[in-house]
């Protein structure tokens, strides 16, 4: 257990529905990252926050995706109008300082029917 | 960030040392070598990182060649719980700029009883 928690752990939804995932970081970590991982592939970067500022977004983050970190603590990732191609594991990671050591949560597995 | 090349899979006998190689022939002078692993259905786990010198911690040892074009992660006494996908990542540590980790396909290590 790294101290990063994600909820829910599993989500099954129907195509077209909206879903929201939550990540609670290690308390003193100011950096927070979201990644997506499909079966058989390594994690792919989605977006990055330093405190409450969203500093980097991947081209994978289409306009149906939005992420927030309102008070620089927990973060949410919302997917609107889900598609079957959104089925994946969504991973949150946190870190601090200049180091690129990132501590990952257990992930939320999304299945879109 | 420099590209890395890893064998897709390796086997190791339980109790023996597991030596996982990584080639990073285009690494630049200020890029660190990071190793993460991902046990099935869990988030990636940080193992170790280094710049030039060999590094050791409670999990593993990292051996970086003198020309820094390749490295080896050593698990000294592999157990069944070390069965996982191991990712080698090279990147510059920085306070600003791109923070995302770029995961390749990794090496799937199977520890045999």
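Considering all C-alpha pairs of the protein assembly as shown, those separated by over 27 Å amount to 34%.
Taking only Cα atoms and a 10 Å spring cutoff, compute GNM fluctuations for chain B and point out the largest among B:58, B:14, B:66. Greatest mean-square fluctuation among the candidates belongs to B:58.
What the Cα convex hull of the range B:13-73 gives, in volume per residue, is 105 Å³. Projected onto planes of every orientation and averaged, the convex hull of the alpha-carbon atoms in the range A:1-50 covers 4.7 nm².
Against the empirical curve 2.2 N^0.38 Å, the C-alpha radius of gyration of chain B lands at a ratio of 1.02. Applying 0.36 nm per residue to the separation of residue B:81 and residue B:53 and subtracting their alpha-carbon distance, the gain on full extension is 7.3 nm.
Among B:28, B:61, B:41, the largest mean-square fluctuation in a Gaussian network model of chain B (Cα springs under 10 Å) belongs to B:41.
Hey, for a label at residue B:3 modelled as a point 7 Å past Cα toward Cβ, could you say which residues of the range A:26-49 have their backbone N under 11 Å away? Counting backbone N atoms under 11 Å from the label point, the list is empty. Solvent-free Debye calculation, one equal scatterer per alpha-carbon of chain A: log10 I(q)/I(0) at 0.10, 0.22, 0.23 Å⁻¹ equals -0.25, -1.25, -1.36. Would you please classify the overall shape of the range A:44-101 from the alpha carbon gyration tensor, given that a ≥ b ≥ c denote the square roots of the eigenvalues, rounded means a/c under 1.5, and beyond that prolate means a/b larger than b/c while oblate covers the rest? Judged from the Cα gyration tensor, the range A:44-101 comes out prolate (a/c at least 1.5, a/b above b/c).
Where a number appears in this text, it was derived from the coordinates with a stated rule and is not lab data. From a predicted model like this one, the values you see are computed outputs, not experimental measurements. Every residue, glycine among them, receives a Cβ derived from its backbone with ideal geometry; neighbour counts consider all protein chains shown.
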